[in-house]
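The next block holds one structure in the form of structure tokens; read it before the comments.
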Amino acid sequence: MSDHLNNISIIGSSAGEQLSIAGGNYRIIIPGKETDGQYAVIEMTVPPGAGPNPHAHPDFTETFYVVDGEVTFNTADGSVHAEKGAYINIREGGQIRGFKIYPIALPNCFAPLFQRD
């Protein structure tokens, strides 16, 4: 369920496109087409051993809030570990060489938009 009032949108817990990617469950909460390409918000629930391959985002910033679980990001500069309650900001061009994911749930925001058609 989604409710809209002028410039306010309330997206219910079951609303949004559901996807299975890289062993995790992803829900598109706010697609880029609703923000004129400014940003997108995706909820990610990823079990241990799953998650994306090493990658970089040269054109946008990616942020996460760890709702539950833990994640370790491996980069060329070393590793960074985040636990429940942590907020992660990966600036444009930030390269992630690998992840160690424990059971994790996190909303993810891309800005400017990561476009999915």
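No value in this document is a laboratory result; all are computed from the given coordinates. Model, not experiment: these values are computed from the prediction. Counting neighbours? That spans all protein chains shown, and the Cβs are built from the backbone with ideal geometry, glycine included.
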Worksheet entry | Backbone N within segment 21-60 under 14 Å of label point (7 Å from Gln95 Cα along the Cβ vector) | 54-59
Worksheet item: Using only Cα atoms, what Kirkwood radius does segment 1-93 have, in angstroms?
Response: 15.1
Worksheet entry | Simple spin-label estimate for Glu70 and Ser9 in nanometres, 7 Å along Cα-Cβ | 3.5
